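The values are calculated or read from the model by the stated rules, or taken from the named source; none is laboratory data. These numbers were taken from a predicted model, which means no experiment stands behind them. A quick note on method: Cβ atoms are made from the backbone with ideal geometry, for glycine too, and the neighbour counts reach across all protein chains shown.
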Amino acid sequence: MLIHDVDFAQMYRDHMRQSDRAAKTASSWDARAKELKGKPLQSEYASQFVAHMDLTDAHTLLDVGCGTGTIGITVAPHLQQVYGLDYSAEMLARMQEHAVEAGLTTVATLNKSWYDDWSDVPVCDIVVASRSSLVADMQDALQKMTSKATKRCYMTHLVDGHFGDAAIADVLGKQKRGLPDYIYIVNILFSMGFHPRIDYLCFPGRLAGTKSVEEFIGKVEWTFGELTTQQVNALQEWYAEDDERAQQGGGDTRWAMISWDVDKVGR
Ligand SMILES: C[S@@+](CC[C@H](N)C(=O)[O-])C[C@H]1O[C@@H](n2cnc3c(N)ncnc32)[C@H](O)[C@@H]1O
């Protein structure tokens, strides 16, 4: 078998279907967005992401799954127009609040999903999807992003299929089926005729730095879905056993930052 015989798009879809991830709805992200009201944007992640971007000759940007505007708001001062697209209306409200705080009048929002019709989504110089690419069909998402970009696309996707929480998945008896790894994306882009670049961004995991076992268990539930009493007991034991390990929350989160040119030169 040769690499061209492998259908990475189908493999990704199969892997996504088989992963243990609790499905998230727009309303679950709305609830999360309410908790984020008044909180500053995550600057360390945003500054590392932006440091890997090339804004040369770019005037417009579409931020897909923009959340509170982590990337869109950060780069907006350098651009003429930024569009934030998200299926959570509350996330978009947070993005607009950040725009007002920053005195920006060039940020517009689009309340849409990856799965909606994008015919009225504006074409932009740059399209980004930051930590928002856990879609059922990656090839479809990549085609949608590329169809809306005139210059470059940027996407961050998990390395290893875990949010730095493989050890916790183990405690819960869920270690086997992580999410699809970034490497599918590289191969799907290659099969679409692109030559993607890859960088890696590393941060403390989303379960790190909790102040109490209750906060820790709440964060584990957000990641893994509803827990049984047995799982809660196992987590309480794990948390109490080793303070330093509990503070690390299981491990770092590593993001692959994948970028590709959509003009002829990048193909
Ligand atoms: C982890 S947050 C990332 C937010 C932001 N891009 C960042 O890096 O901070 C994921 C975002 O993707 C959005 N999202 C998840 N699934 C989506 C979908 N099917 N269509 C549009 N947005 C989606 C969520 O509402 C949420 O705002």
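When we screen Val127, Val123 for residues that are among the β-branched types (Val, Ile, Thr) and exposed (fewer than 14 other Cβ atoms within 10 Å of the Cβ), the only hit is Val123.
Taking region 130-144, which residues are in a helix (DSSP H, G or I) and either within 12 Å of the ligand (Cβ to nearest atom) or not aliphatic (A, V, I, L, M) (or both)?
First pass over region 130-144, keeping only residues in a helix (DSSP H, G or I): 138-144.
Scanning region 130-144 gives Gln139, Asp140, Ala141, Gln143, Lys144.
Among the conditions (1) part of a helix (DSSP H, G or I); (2) over 18 Å from Trp114 (Cβ atoms); (3) within 13 Å of the ligand (Cβ to nearest atom); (4) of a type in the set (A, V, I, L, M, F, W, C), Trp29 misses just one, which is (2).
Name the strands (runs of 3 or more DSSP E) wholly within region 41-129 that hold at least 2 residues that are hydrophobic (A, V, I, L, M, F, W, C) and either within 12 Å of the ligand (Cβ to nearest atom) or under 27 Å from Asp199 (Cα atoms) (or both)?
On the way: elements: 60-64, 81-86, 107-111.
Counting at least 2 such residues, we get 60-64, 81-86.
Among all positions in region 135-146, there is no residue which is touching a Leu at 6+ places or on another chain (Cβ under 9 Å) and modelled with pLDDT under 95.
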